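Below is one structure, written out as structure tokens; comments come after it.
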Amino acid sequence: HSPGVQPADLEEVVKKGVKTVVIGRGMSEALQVPASTVHYLKQKGIDVLVLQTEKAVAEYNALAAQGVRVGGVFHSTC
């Protein structure tokens, strides 16, 4: 769960041209998402949401249904 989601973990998603990335932190929110990772995405003009996994999945599905170019990373280190 530490050091958590790193910028390198998101490269494939970023290459897809997404406008928003939803990151799930696990059911108990134990997975870390460092400020450097959020900064990496924002620097590329990508909105980022960091949520508990159930909420992250729901948000991802809602954004996708609206036609938003969204990518998701859900508890990626396990």
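How do Thr53, Thr37 stack up against each other in accessible area, from largest to smallest, with a 1.4 angstrom probe? Write down the numbers at each step before the final one.
Working: Thr53 25, Thr37 0 Å².
Accessible-area ranking of Thr53, Thr37, largest first: Thr53, Thr37.
In sequence order, what are the phi-derived ³J(HN,Hα) couplings for region 37-52 according to the Karplus relation 6.51 cos²θ - 1.76 cosθ + 1.60 with θ = phi - 60°, rounded to whole Hz, with x for glycine and proline?
6, 4, 4, 3, 5, 4, 4, 8, x, 9, 6, 9, 10, 10, 9, 4
Where only protein heavy atoms count, and the probe is 1.4 Å, what is the accessible area per residue for region 16-56 in Å²?
That works out to 55 Å² for each residue.
Provide His39, His75 ordered by accessible surface of protein heavy atoms (probe 1.4 Å), highest first. Intermediate values should be presented prior to the final figure.
On the way: His39 115, His75 50 Å².
Listed by decreasing accessible area, they come as His39, His75.
Cα-based count: Lys pairs in region 7-67 below 13 Å, eight or more positions apart or different chains? Display every interim value, and only then the final one.
On the way: Lys15/Lys44; Lys16/Lys44; Lys19/Lys42; Lys19/Lys44.
Here the count comes out as 4.
Please identify every one of the trypsin sites (Lys or Arg not before Pro) in region 1-76 that sits in a loop by DSSP and has no more than 15 other beta carbons within 10 Å of its own beta carbon.
Passing both the DSSP loop test and the Cβ count: Lys16, Lys19, Lys44, Arg69.
For the chain, would you read off the P(r) tail past 18 Å as a percentage of all alpha carbon pairs?
Here the long-distance tail beyond 18 Å is 32 percent of all Cα pairs in the chain.
Just the number, please: carbon plus sulfur as a percent of the accessible area of region 7-67, 1.4 Å probe, no ligands or DNA/RNA counted.
Details: 1780 of 3610 Å².
The computed percentage sits at 49.
The values are calculated or read from the model by the stated rules, or taken from the named source; none is laboratory data. This is a predicted model, so every value here is computed, not measured. Using ideal geometry, Cβ is built from the backbone for each residue, glycine included, and neighbour counts are taken over all protein chains shown. Each accessible area value is taken on the protein alone, full model and side chains, heavy atoms only, with ligands, DNA and RNA left out. Shrake-Rupley method; radii C 1.70, N 1.55, O 1.52, S 1.80 Å.
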